[in-house]
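Asks: Pasting in a structure now, in structure tokens, and then I'll have a few things to ask.
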Amino acid sequence: MVDDYLSDREQEEALRNWWRENWPWIVGGIVLGLALLGAWRYWNTYQERQAADAAHMYEDVRTALERKDVAAASKSLDALATKFDGSAYAQQGRLLIAKAHVESGKYDEALGLLRTVADKSKDKELADVANLRAARLLVQQGKHDDALKLLKPDDLGVFSAPAREIRGDALIAKGDAEGARAEYAAALSGDDAAINRNIVELKLQDVGGPPSGAKELASTAMQTPVNKP
């Protein structure tokens, strides 16, 4: 190595020259690293503060609903949505108020909130839950075709079975016993904890399909899909 042939004085001089040429880059790198670290810590603190604020505002919604004060809950939700419209807290607040509207028979107001959750939720499963609840309301309102169009079981993953059940409800309400039978059988074809199997089996019986034949009916339904909206 070259350093082996340099005297101590020559090595010191070489080190000084190297430092004079490179110190701006070294110091700049240190300053940049500290700035990035500070920015990262600030962003984390900001995010935590935002989450805490959203959680507090969501709690205002929940507390108002515990008092049965839907008007106050809606006002708190408006404030929450103004600052954190895309947050999970805003979507959960909408779901809570939608439930309160359903209990009061205000189905249109509930549907509006559920559709907003489906449109704005960043969590697909939460959006799917909103669509399932909206479809149930549509069936209850007699808007069977709208419910059928809303639910696409093949796109709903873990919620496929409840979607099939709701579609069956819509079809039987339309007088389509065969289509309902296929949907209920499909809902029962797997071990899905998202449905009450006893209730779905009773529904299947009511449309002429014995529970013991659920898997056979489901297999037939898969081979010959029901052409419904």
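Asks: Past the 27 Å Cα-Cα mark, which pairs from LYS122/LYS149; LYS99/LYS203; LYS122/LYS203?
Replies: Violating the 27 Å Cα-Cα cut-off are LYS122/LYS203.
Asks: Once Rh for segment 66-202 is found with the Kirkwood sum over Cα pairs, what is the Stokes-Einstein diffusion coefficient at 10 °C and 1.306 mPa s, in µm²/s?
Replies: D, rounded to a whole number, is 101 µm²/s.
Asks: What do you get for trypsin sites (Lys or Arg not before Pro) in segment 145-207 restricted to DSSP loop and a cutoff of at most 10 other Cβ within 10 Å of the site's Cβ?
Replies: none
Asks: Also: From Cα pairs below 8 angstrom and at least 6 apart in sequence, can you work out the relative contact order of segment 53-122, rounded to a whole percent?
Replies: 30
Asks: Can I ask one more? Give the Rg (one decimal place) followed by the Dmax (whole number) of segment 133-172, computed from C-alpha coordinates and expressed in Å.
Replies: 9.0, 26
Asks: Using only the Cα atoms of segment 53-122, build the gyration tensor, take square roots of its eigenvalues as a ≥ b ≥ c, and label the shape rounded, prolate or oblate: rounded if a/c is under 1.5, else prolate if a/b is larger than b/c, else oblate.
Replies: Cα axes put segment 53-122 in the oblate bin.
Asks: Another question about this same structure. Output the peptides 65-72, 140-147 sorted from most to least packed, where packing is the average of other Cβ atoms within 10 Å over each peptide's residues.
Replies: By packing density, highest mean first, the sequence is 140-147, 65-72.
Asks: While we're on this one: In what sequence do TYR89, TYR107, TYR184 fall when counting other Cβ within 10 Å, fewest first?
Replies: Exposure proxy ranking, most exposed first: TYR107, TYR89, TYR184.
Asks: May I ask for the distance between the Cα centers of segment 48-87 and segment 101-160, given as a whole number of Å?
Replies: 22
Values quoted throughout were computed directly from the atomic coordinates according to the rules given, and no laboratory measurement underlies them. Just so it is clear, the model here is predicted, and its values are computed rather than measured. Counting neighbours? That spans all protein chains shown, and the Cβs are built from the backbone with ideal geometry, glycine included.
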